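Enquirer: Dropping a structure here in structure tokens format, bear with me for questions.
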2 protein chains.
Amino acid sequence: MANPVVPSSGALSPLGLSGVRLSPGFWGSQPTQTIIDHCYEWMDRVGWIANFGGGPRRGREFSDSEVYKLMEAMAWAGDPRVEELTRVVARAQELDGYLNTRWPTARYTDLEWGHELYCYGHLIQAGVARMRVHGEDQLSEVVCRAADHVCARFMEGNEVCGHPEIEMALVELYRQTGAERYLEMARRFVERRGGPALADIELGRAYFQDDVSVRQAEVLRGHVVRALYLSCAVVDLAVEMGDKELLETAEGQWERTVARRTSLTGGMGSRHSGESFGDDYELPPDRAYNETCAGVASVMLAHRLLLATGDPRYADQIERTLYNVVAAGPALDGHSFFYTNPLQVRVAGEVVEGVSPRAEGGLRAPWREVSCCPTNIARTFASLPAYVATGDDQGIQVHQITAATISHDGLSLRMDTDYPWSGKVTLRVEAAPEAPRRITMRTPAWAGGGTHEWERSWRPGEEIRVDLPMAPRWVRPDPRIDAVRGCVAVERGPLVYCAESPGDAPPLSEIEVSTATEPVERGADLEVEAHRITTEPDGWPYGGPASGVGERLPLSLIPYYRWGNRGPATMRVWLPETR
Amino acid sequence: MANPVVPSSGALSPLGLSGVRLSPGFWGSQPTQTIIDHCYEWMDRVGWIANFGGGPRRGREFSDSEVYKLMEAMAWAGDPRVEELTRVVARAQELDGYLNTRWPTARYTDLEWGHELYCYGHLIQAGVARMRVHGEDQLSEVVCRAADHVCARFMEGNEVCGHPEIEMALVELYRQTGAERYLEMARRFVERRGGPALADIELGRAYFQDDVSVRQAEVLRGHVVRALYLSCAVVDLAVEMGDKELLETAEGQWERTVARRTSLTGGMGSRHSGESFGDDYELPPDRAYNETCAGVASVMLAHRLLLATGDPRYADQIERTLYNVVAAGPALDGHSFFYTNPLQVRVAGEVVEGVSPRAEGGLRAPWREVSCCPTNIARTFASLPAYVATGDDQGIQVHQITAATISHDGLSLRMDTDYPWSGKVTLRVEAAPEAPRRITMRTPAWAGGGTHEWERSWRPGEEIRVDLPMAPRWVRPDPRIDAVRGCVAVERGPLVYCAESPGDAPPLSEIEVSTATEPVERGADLEVEAHRITTEPDGWPYGGPASGVGERLPLSLIPYYRWGNRGPATMRVWLPETR
């Protein structure tokens, strides 16, 4: 089964990349191959591939993982260069399976920050992808040797990696190979956390989820990507071990995290400091970190929870996060990337030509010193079909609406749609067995929620038509989210909209919008009624006269994921509302 | 003249610590000696004093500076232990004047982060304080040897220290000794910045004010304490060189910084990341950094600008910052300290018994790995009289209202007041010359601004009475400050108030206040009318039903500087306003 996640049980079963083929459309037309090529060229240029051949070490301590994530993307995409990279990587593996280009640093002497096990995690995920798409080859040998080395070295004792990732990879390797030691190793890594298992650090133990055990934590916390990767493993383990209580714990943590620590876009991470979740309801639009990789990780977690439980709220969150975080990461041309995805940018970013040293959200950069996001986008785009549908004995369950062909057990459906630009969806039966089959399709929460369901014997040529209500809507925040009090946002279908102000427009800090009239559609964009507010010149900014309402002006809104594609600009999702 | 700043010219002239004596009252009763003792004991315990005797090095690379800041506090306070510390420090000085306990690290090999020149700055300020209070002694020898070493090593070339501080110290040493090389060295250090003079760092060049020259910068930016210390030197240099244009530049930078980058409390620094100013109008109450040391530095800068220009707006800012940042730093008992001073804390802090590794604002800690704030409070409290009044041929100018005796040129005034608890101020003439004298007193901006002025021949026993309006007032923010939109704060006199919620009160995240009725005084505290709002259980927090207004309840407000003295609690200054 060519799917990133293949649980041995669960409410829903993946169809994999062979069961779902994307057609041209919002997701089918993403520049996946361009991004893979871009990542390959940059990693070649900055020396992260050459690191495997020895010589002077280039890049950060976790740069090996970028090569592995690219290999995973290539495996899903059927890009034959994965074989060439496998040969490069294999040459660096030591006899006992140890594999890390930072040698001759002593092994495993800095588990807090060393990222050695983290890198194995991505290596293993690449290997599993390759096995599932292509079958066993040199990469699976490298991967199993590394995984066996990890089991030999870490099965006893109390050590874990500062950055979770290997845990879910080992579960998947178990699922692929059946070797139970990988599952057991994953279980021990997960259960050791919070013991504690790592040294104390200035950022605090919650940073790497070593503050409390995964069974006792109330909510996800600390470094967002670490927290989400670990939670993926918790769900995987709960499923493989049939541990219902653990699954419910993970569901509760997810629910509270989504309710209290998630931006409107689905982005997670309110603090630059520690790349971390903040406190409950600490959701600043301007300093939201919302790392692109956190969006990827959030989709990975929700995908696992959806398969395990069948609850459509997870598919809703996948949709929101894919359209408004993951799609926002890369530029439309696939050659530059956001690291952070805030909901407000007050000062237009500066164009970055080469490697950007900093993780800011003002403008996309072609590459960064920490360049985790481009390869994470590459492997996510290359495996997008995994999220579209599942299948079982009864039929097919459609979770994501996008132009695609879905085939399972003799039933083949062509989903035609211009979604998210149109709410019209046609499911055309292209092939069908004699026996009746049930077809279900999620109604997005924003359209009222629930599930469409049709069950009968199907004939080729039959069509199901759904028309989702695509009128733009005003959205207001929970009053506990202090940072956006008195503001409204606009959504249309699954898309969050934003105002983007290139040089000549009025400053976005000096407008208010009126919700007395509804947003008007202008193609993919929207227009709302705004007023310019009058502001005081520089003086003490508290206790002055109330601002007046100035000239009326129409304000254009664009889909959030498209912002930053027209050069340096300011941007905001949450718009102050005229009272 | 026993004053931290003694300009050779300027609109106003300091009276120094001998010209102003504080009486018991808000400032005169601060636990200054307790804090000096506390700092001495802790630095002895954690080994920062012992570092000067050799042996294993303890503490961070800048820990020498804490010893020097304590010595400065002792010098102002007349604490004889400054002599004992001088002997300890002197033994560590090398023959050529170099003095740093990090030896045998190679000298000046990391100007970006090494803090060697920064430490000299604090050493020099301690030496100048000692010279001004006591006269020359071993400490002045140590200081001049170090300063001469700096001149010899750095006069040519393009090097500066990553952390500004030595610049203003050298100007003051010039003012004290008359040696022009110190002024010239300071000038070169200041003018080199932005050239650039330092290596690039991940935080960006603005972090240490090496992005643009001090003459071209529009606003203060980067690391707040660094920016403010540098700006102090800019004002000092402008005054000593008679450079009006440079002074106007510094005034403009200050004006824009106060208008766009300053919290209601006077706190500066919106980002934990880089301990930095954020963008214009990025002023989050919850993640405000507002380092205690930044409050001290802001007072130092405003004091210099007040002396240079005579503009009372600088005295207004000193008042605001002293009452609402500096006074908030230490606990009422003087034995624990805030590092950061946010305007909202959602999660009650945890009690810290020993050395706290982290700079959080939830609860004061007795000591920290980076413990710059306690010694900065100590030297500020020990030199508080400097800020109260100035004098000239015409008479006395009173800038800060507090119980004190002010003497200058035969005129002696006793200022009696319970300020800030009462607005009644009595200036009683205790001694007076025959000739007429002019007495002026600033009317705080919150009371309408302007200056009271009385001029005549005075007789002992004569009294001037002023009664400032102390009714509490609602304050609203500039609409560009997104983070506190829809909220109000309450001030009374110079004090900012806040709601503090110990365990049993309703969560501060679930209240709104009504401004239909005025705040009622309850001793030093206030009471406002609030409502509990109803909130939804955990679910998607956007687009849900509007919150309802629930039970009415009175909400107590306390002076912000007093918060966190009753154990772990949540707190907020900005209160959502019922509409």
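The values are calculated or read from the model by the stated rules, or taken from the named source; none is laboratory data. None of the values given here were measured: they were computed from a predicted structure. Every residue, glycine as well, gets a Cβ built from its backbone with ideal geometry; the counts of neighbours run over all protein chains shown. Just so you know, the surface numbers come from the protein's heavy atoms only, side chains and all, with ligands and any DNA or RNA stripped out. Shrake-Rupley method; radii C 1.70, N 1.55, O 1.52, S 1.80 Å.
Enquirer: Going by the structure shown, is B:Glu112 surrounded by fewer than 15 Cβ atoms within 10 Å (Cβ to Cβ) and out of contact with any strand residue (DSSP E or B) (no Cβ under 6 Å at 6 or more places or on another chain)?
Expert: No, not satisfied.
Enquirer: So which residues in segment A:451-468 are in contact (Cβ under 8 Å) with a residue 24 or more places away in the chain, surrounded by 12 or more Cβ atoms within 10 Å (Cβ to Cβ) and either touching a helix residue (DSSP H, G or I) at 6+ places or on another chain (Cβ under 8 Å) or of a type outside the set (A, V, I, L, M) (or both), if there are any at all?
Expert: From segment A:451-468, those in contact (Cβ under 8 Å) with a residue 24 or more places away in the chain are A:451, A:455, A:457-468; that's our starting set.
Subset that is surrounded by 12 or more Cβ atoms within 10 Å (Cβ to Cβ): A:451, A:455, A:458, A:462, A:464, A:466, A:468.
Passing the criteria: A:Thr451, A:Glu455, A:Trp458, A:Glu462, A:Leu468.
Enquirer: Taking segment B:558-577 as the search range and keeping residues that are closer than 20 Å to B:His335 by Cβ and basic (Lys, Arg), which one is surrounded by the fewest Cβ atoms within 10 Å (Cβ to Cβ)?
Expert: Ranking the candidates gives B:Arg566 first.
Enquirer: Looking only at segment B:85-102, count every residue that is farther than 16 Å from B:Met185 by Cβ, surrounded by 14 or more Cβ atoms within 10 Å (Cβ to Cβ) and of a type outside the set (A, V, I, L, M) and tell me the total.
Expert: 5
Enquirer: Of the residues A:Arg492, A:Arg480, which is out of contact with any strand residue (DSSP E or B) (no Cβ under 8 Å at 6 or more places or on another chain) and surrounded by 17 or more Cβ atoms within 10 Å (Cβ to Cβ)?
Expert: Details: A:Arg492 fails: out of contact with any strand residue (DSSP E or B) (no Cβ under 8 Å at 6 or more places or on another chain).
Step by step, each of A:Arg492, A:Arg480 is checked, and only A:Arg480 is out of contact with any strand residue (DSSP E or B) (no Cβ under 8 Å at 6 or more places or on another chain) and surrounded by 17 or more Cβ atoms within 10 Å (Cβ to Cβ).
Enquirer: Residues of segment B:531-540 being open to solvent by less than 30 Å² (accessible area, probe 1.4 Å) and without any contact (Cβ under 8 Å) to a residue 12 or more places away in the chain, which ones? Before you say what the answer is, go through the steps one by one.
Expert: As a first pass, look at segment B:531-540 and keep what is open to solvent by less than 30 Å² (accessible area, probe 1.4 Å): B:533.
Matches in segment B:531-540: none.
Enquirer: Whether any residue in segment B:169-182 is touching a His at 6+ places or on another chain (Cβ under 8 Å), in a helix (DSSP H, G or I) and not assigned by TED's automatic domain parsing to the domain that holds B:Asn341 is what I want to check.
Expert: At the first step, the residues of segment B:169-182 found to be touching a His at 6+ places or on another chain (Cβ under 8 Å) are B:169.
Filter once more, so that each one left must be in a helix (DSSP H, G or I): B:169.
Subsequent filtering for residues that are not assigned by TED's automatic domain parsing to the domain that holds B:Asn341 retains B:169.
There is at least one residue in segment B:169-182 that is touching a His at 6+ places or on another chain (Cβ under 8 Å), in a helix (DSSP H, G or I) and not assigned by TED's automatic domain parsing to the domain that holds B:Asn341.
Enquirer: Working only within segment B:241-258, note down all residues that are at the interface with chain A (Cβ under 9 Å from one of its Cβ atoms) and surrounded by 19 or more Cβ atoms within 10 Å (Cβ to Cβ).
Expert: B:Val258
Enquirer: Identify all residues within segment B:259-294 that are part of a helix (DSSP H, G or I), in contact with a Leu (Cβ under 9 Å, 6 or more places away or on another chain) and at the interface with another protein chain (Cβ under 10 Å from one of its Cβ atoms); write none if there are none.
Expert: Passing the criteria: B:Arg260, B:Ser273, B:Gly274.
Enquirer: Moving on to the next point. Looking only at residues that are among the charged types (D, E, K, R) and assigned to a helix (DSSP H, G or I) in segment B:133-164, which one is surrounded by the fewest Cβ atoms within 10 Å (Cβ to Cβ)? Please lay out each step first, then the result.
Expert: Of all residues in segment B:133-164, those among the charged types (D, E, K, R) come to B:136-137, B:141, B:145, B:148, B:153, B:156, B:159.
From what's left, assigned to a helix (DSSP H, G or I): B:141, B:145, B:148, B:153.
Values: B:Glu141: 14, B:Arg145: 18, B:Asp148: 16, B:Arg153: 17.
For segment B:133-164, the residue satisfying everything is B:Glu141.
Enquirer: Shifting gears a bit: Quickly run through segment B:35-63 and pick out the residues that are open to solvent by 50 Å² or more (accessible area, probe 1.4 Å) and touching an Asp or Glu at 6+ places or on another chain (Cβ under 7 Å).
Expert: B:Arg60
Enquirer: For segment B:355-393: of the residues being assigned to a helix (DSSP H, G or I) and of a type in the set (Gly, Ala, Ser), which is farthest from the other protein chains (Cβ to nearest Cβ)? Let's see the steps before the verdict.
Expert: Pass one, segment B:355-393, residues assigned to a helix (DSSP H, G or I): B:372-382, B:384-387.
Of the ones still in play, those that are also of a type in the set (Gly, Ala, Ser) are B:378, B:382, B:386.
Working: B:Ala378: 25, B:Ala382: 29, B:Ala386: 24 Å.
So, considering only residues that are assigned to a helix (DSSP H, G or I) and of a type in the set (Gly, Ala, Ser), the one farthest from the other protein chains (Cβ to nearest Cβ) is B:Ala382.
Enquirer: Of everything in segment A:414-449, what is surrounded by 12 or more Cβ atoms within 10 Å (Cβ to Cβ), under 30 Å from the mean Cα position of the chain (by Cα) and in a loop (DSSP other than H, G, I, E, B)? Give them in sequence order.
Expert: A:Asp418, A:Tyr419, A:Pro420, A:Trp421, A:Ser422, A:Gly423, A:Thr443, A:Pro444, A:Gly449
Enquirer: Six or more apart or on different chains, Cβ under 8 Å: which pairs go from a residue in segment B:541-552 that's facing chain A (nearest Cβ under 7 Å) and surrounded by fewer than 16 Cβ atoms within 10 Å (Cβ to Cβ) to one that's among the acidic types (Asp, Glu) and part of a loop (DSSP other than H, G, I, E, B)? Could you list them?
Expert: Qualifying pairs under 8 Å: B:Gly544/A:Asp478; B:Gly544/B:Glu536.
Enquirer: Based on this model, can you work out whether B:Ala348 counts as modelled with pLDDT under 95 and closer than 25 Å to B:Leu495 by Cβ? Walk me through how you get there before you give the answer.
Expert: Values: modelled with pLDDT under 95: yes; closer than 25 Å to B:Leu495 by Cβ: yes.
Answer is yes for this residue.
Enquirer: A further question on this structure: Take the residues of segment B:46-81 that are free of Cβ contacts under 8 Å to residues at least 60 places away in the same chain and of a type in the set (Lys, Arg): which is farthest from B:Thr380 (Cα to Cα)?
Expert: The qualifying residue farthest from B:Thr380 (Cα to Cα) is B:Arg57.
Enquirer: Mind listing whichever residues of segment B:468-486 are within 7 Å of another protein chain (Cβ to nearest Cβ) and in a strand (DSSP E or B)?
Expert: Of everything in segment B:468-486, those that are within 7 Å of another protein chain (Cβ to nearest Cβ) and in a strand (DSSP E or B) turn out to be B:Val475, B:Pro477.
Enquirer: Out of A:Ala327, A:Ala297, A:Ala308, I need the residue that is closer than 18 Å to A:Ala233 by Cα, away from chain B (no Cβ under 14 Å) and open to solvent by less than 10 Å² (accessible area, probe 1.4 Å). Which one? Break it down into steps so the answer makes sense when it comes.
Expert: Details: A:Ala327 fails: closer than 18 Å to A:Ala233 by Cα; A:Ala308 fails: open to solvent by less than 10 Å² (accessible area, probe 1.4 Å).
Only one candidate qualifies: A:Ala297.
Enquirer: Which ones in segment A:394-413 are among the polar types (S, T, N, Q), open to solvent by 40 Å² or more (accessible area, probe 1.4 Å) and in a strand (DSSP E or B)? First the steps, then the outcome.
Expert: The first filter runs over segment A:394-413 and keeps only residues among the polar types (S, T, N, Q), leaving A:394, A:397, A:400, A:402, A:405, A:407, A:412.
Imposing the further condition that a residue be open to solvent by 40 Å² or more (accessible area, probe 1.4 Å) reduces the set to A:394, A:407.
Across segment A:394-413, the qualifying residue is only A:Ser407.
Enquirer: I'm trying to understand the selection: among the residues of segment A:202-224, which are within 14 Å of chain B (Cβ to nearest Cβ) and assigned to a helix (DSSP H, G or I)?
Expert: A:Arg205, A:Ala206, A:Tyr207
Enquirer: Residues in segment B:516-530: is at least one open to solvent by 10 Å² or more (accessible area, probe 1.4 Å), within 14 Å of chain A (Cβ to nearest Cβ) and not acidic (Asp, Glu)? Full working, then the answer.
Expert: Initially, segment B:516-530 is screened for residues open to solvent by 10 Å² or more (accessible area, probe 1.4 Å), giving B:516-525, B:527, B:529.
In the following step, the residues that additionally are within 14 Å of chain A (Cβ to nearest Cβ) were identified as none.
Scanning segment B:516-530, I find no residue that is open to solvent by 10 Å² or more (accessible area, probe 1.4 Å), within 14 Å of chain A (Cβ to nearest Cβ) and not acidic (Asp, Glu), so the answer is no.
Enquirer: Then there is this: Give just the number: which of (1) open to solvent by 30 Å² or more (accessible area, probe 1.4 Å); (2) modelled with pLDDT under 95 does A:Gly362 not satisfy?
Expert: Here A:Gly362 clears every test but (1).
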